[in-house]
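A quick write-up on the structure given underneath.
The values are calculated or read from the model by the stated rules, or taken from the named source; none is laboratory data. What you are looking at is a predicted structure, and each value in this text was computed from that prediction instead of being measured. Note: ideal-geometry Cβ built from the backbone for every residue, glycine included; neighbour counts use all protein chains shown.
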Amino acid sequence: MRRLTVPAVALFALCAAPLLAEDGANDPKTETVHVVKPGETLGGIANRAEVPRVLIIEANGLKAPYPLRAGQKLVIPRRRSHTVKEGETGFGIALDYGVPWSAIASASGIKPDDPVRVGQKLVIPTVSAKTESTAAAPSPTPSPSASATPAALADTPAPKFAWPLTGKVRRAFIAPNAKGGPHEGIDVLAPAGVAVRASAAGKVIFAGQGPDEYGLTVIIFHGGRWTTTYSYLSKLTVKEGDTVKAGERIGLVGQTGLASEPQLHFEVRKNRVPLDPAKYLPKK
């Protein structure tokens with residue numbers, strides 16, 4: 001796949017920021033993750049953290065009557081903001097934080113289709129920690145520090161990726177500095193309409209029409225800084241914000257984007273860097 005234009009790079013140069021950072025753990029007023037101690041209640045934790053109880057409930061996906069257990073980790077959602085810089089796009093900002101653009105737009109009081117402006121301040125909301133039970137890597141809640149950048153946060157091991165479908169690899173990964181490069185993923189031939197499945201558990205952070213080169217695309221955030229991209233699809237069966245299990249159907253093989261025949265374009269990225277999927281997938 002040829003090198004993308006600047007807006008496309010902003011969309012697909014993925015940096016899946018870790019969704020859990022335990023900074024300020026000793027100070028209830030600044031901690032971003034709280035380890036529940038024996039006898040603590042949700043209301044008491046919320047009062048000491050100076051964060052509304054309802055926000056803690058939403059950030060952790062808690063269910064009434066909100067029982068807590070000693071040793072349980074609670075995400076304490078701190079308000080984050082982002083000032084738009086030259087060349088940035090809404091989708092690029094969303095992918096940098098690992099938060100769906102629709103959620104950022106809603107929190108910022110703008111429409112998802114509105115273009116961002118240089119100098120504009122955006123609110124980065126906390127994503128539900130429900131991803132924690134399905135993501136292969138640990139740390140599945142957003143970085144709550146307004147001053148921390150995704151690149152500054154802790155790393156995590158690669159998830160256990162599986163092939164998203166069965167088929168012949170038509171075109172392999174080619175590094176940007178290699179002859180004939182770049183080709184930032186692999187293309188796998190398969191009949192039109194065959195199910196494409198999530199390579200690992202995670203959260204859908206993009207589902208829709210990508211840049212012209214990619215066609216219909218799904219991007220899944222797997223925790224840590226890991227994402228996978230599925231393109232050339234004919235149909236999407238998930239939507240932005242969905243939590244998916246490993247092997248769950250996310251779309252159907254198609255011939256959109258640059259595809260000359262039915263196939264899947266599949267990418268694995270860590271911290272914005274495209275990696276050879278063959279090194280992370282089981283040997284055939």
When residues of the stretch 100-123 are filtered for being at pLDDT below 80 and among the charged types (D, E, K, R), how many remain?
-> 0
Residues of the stretch 69-83 satisfying the condition of being of a type in the set (Val, Ile, Thr) and loosely packed, with under 14 Cβ neighbours inside 10 Å = Thr83
Looking at the stretch 271-281, is at least one residue crowded, with 19+ Cβ neighbours inside 10 Å and at pLDDT 95 or above?
-> yes
Can you tell me which residue in the stretch 196-224 is nearest to Ala103 (Cα to Cα), limited to those that are in contact with a Phe, Trp or Tyr (Cβ under 6 Å, 6 or more places away or on another chain) and part of a strand (DSSP E or B)?
-> Ile205
For Gly44, indicate whether it is modelled with pLDDT of 90 or more and in a helix (DSSP H, G or I).
-> yes
Counted residues, the stretch 230-243 - those being within 20 Å of Gly202 (Cα to Cα) and buried (at least 23 other Cβ atoms within 10 Å of the Cβ) | 3
Could you please let me know if Thr243 is in contact with a helix residue (DSSP H, G or I) (Cβ under 6 Å, 6 or more places away or on another chain) and touching a residue at least 60 places away in the same chain (Cβ under 8 Å)?
-> yes
With respect to Ala207, is the statement that it is in contact with a Ser or Thr (Cβ under 8 Å, 6 or more places away or on another chain), crowded, with 23+ Cβ neighbours inside 10 Å and free of Cβ contacts under 8 Å to residues at least 60 places away in the same chain true?
-> yes
If we ask which residues in the stretch 83-108 are of a type outside the set (Gly, Ala, Ser), under 13 Å from Gln120 (Cβ atoms) and under 17 Å from the mean Cα position of the chain (by Cα), their number turns out to be 3
